[in-house]
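Chemist: Mind looking over this structure? Questions follow.
The values are calculated or read from the model by the stated rules, or taken from the named source; none is laboratory data. Everything numeric here is computed off the predicted structure, so don't read it as measured data. Here the Cβ is made from the backbone with ideal geometry for all residues, glycine too, and neighbour counts use every protein chain on show.
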Amino acid sequence: MSFWENVKKDLQKGLKEGIDFVKEGATIVKVKAEELTEEGKKRIKVFDLKTRVQREISELGGKVYDLSSKMKNPMLDSKVKAGITRIKKLEAQIAKIEGKIKIRSKKVARKRTAKSKSK
């Protein structure tokens, strides 16, 4: 085989390997983008839930304050109990979503640590 044929063969091999590398990289980028999109959606959902909790607590405080002048124990009022129940449900939803976010964050941290140790 001549020098030119060797060079041509090596260039074709290098080009094929380069294309394969780019395809693999694009696939990885696509997967990571999807994961980050899901993570972002979860964080937005948590923010929305926390905003609703803040609103509910403000309303609850107003109700309790208003009822405190009318009754001895405003905590016995059905509207106050309903408000507390709504807040607890929202808190449970937040805890569930934040738990998933923390699990995901720990997995990413472990992968990054493993990669840095292998270098």
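Chemist: In the range 74-103, which residue that is part of a helix (DSSP H, G or I) and acidic (Asp, Glu) is modelled with the highest pLDDT? Give the steps one after another, and end with the answer.
Modeler: So in the range 74-103, the residues part of a helix (DSSP H, G or I) come out as 74-76, 78-103.
Retained after the next criterion (residues that are acidic (Asp, Glu)): 91, 98.
Working: Glu91: 93, Glu98: 87.
This residue is Glu91.
Chemist: Here's something else I'd like to know. Within the range 46-57, is even one residue touching a Pro at 6+ places or on another chain (Cβ under 8 Å), part of a helix (DSSP H, G or I) and modelled with pLDDT under 95?
Modeler: If we filter the range 46-57 for residues that are touching a Pro at 6+ places or on another chain (Cβ under 8 Å), which is where we start, we get none.
The answer is no; no qualifying residue exists.
Chemist: Out of all the residues in the range 32-61, which are more than 30 Å from Ile103 (Cβ to Cβ) and surrounded by 11 or more Cβ atoms within 10 Å (Cβ to Cβ)?
Modeler: Keep residues of the range 32-61 that are more than 30 Å from Ile103 (Cβ to Cβ), which gives 58-61.
If the condition is that a residue be more than 30 Å from Ile103 (Cβ to Cβ) and surrounded by 11 or more Cβ atoms within 10 Å (Cβ to Cβ), then Glu59, Leu60, Gly61 are the ones that fit.
Chemist: Checking Met71 against (1) touching a residue at least 12 places away in the same chain (Cβ under 8 Å); (2) not in a helix (DSSP H, G or I): exactly one of these is not met. Which one?
Modeler: All conditions are met except number (1).
Chemist: What are the pairs with Cβ atoms under 8 angstrom where one residue, in the range 80-102, is within 22 Å of Glu35 (Cβ to Cβ) and in contact (Cβ under 8 Å) with a residue 60 or more places away in the chain and the other, located anywhere, is surrounded by 13 or more Cβ atoms within 10 Å (Cβ to Cβ) and acidic (Asp, Glu)? Sequence gap at least six, or different chains.
Modeler: Pairs that qualify, where the first residue is within 22 Å of Glu35 (Cβ to Cβ) and in contact (Cβ under 8 Å) with a residue 60 or more places away in the chain and the partner is surrounded by 13 or more Cβ atoms within 10 Å (Cβ to Cβ) and acidic (Asp, Glu), are Ile101/Glu39.
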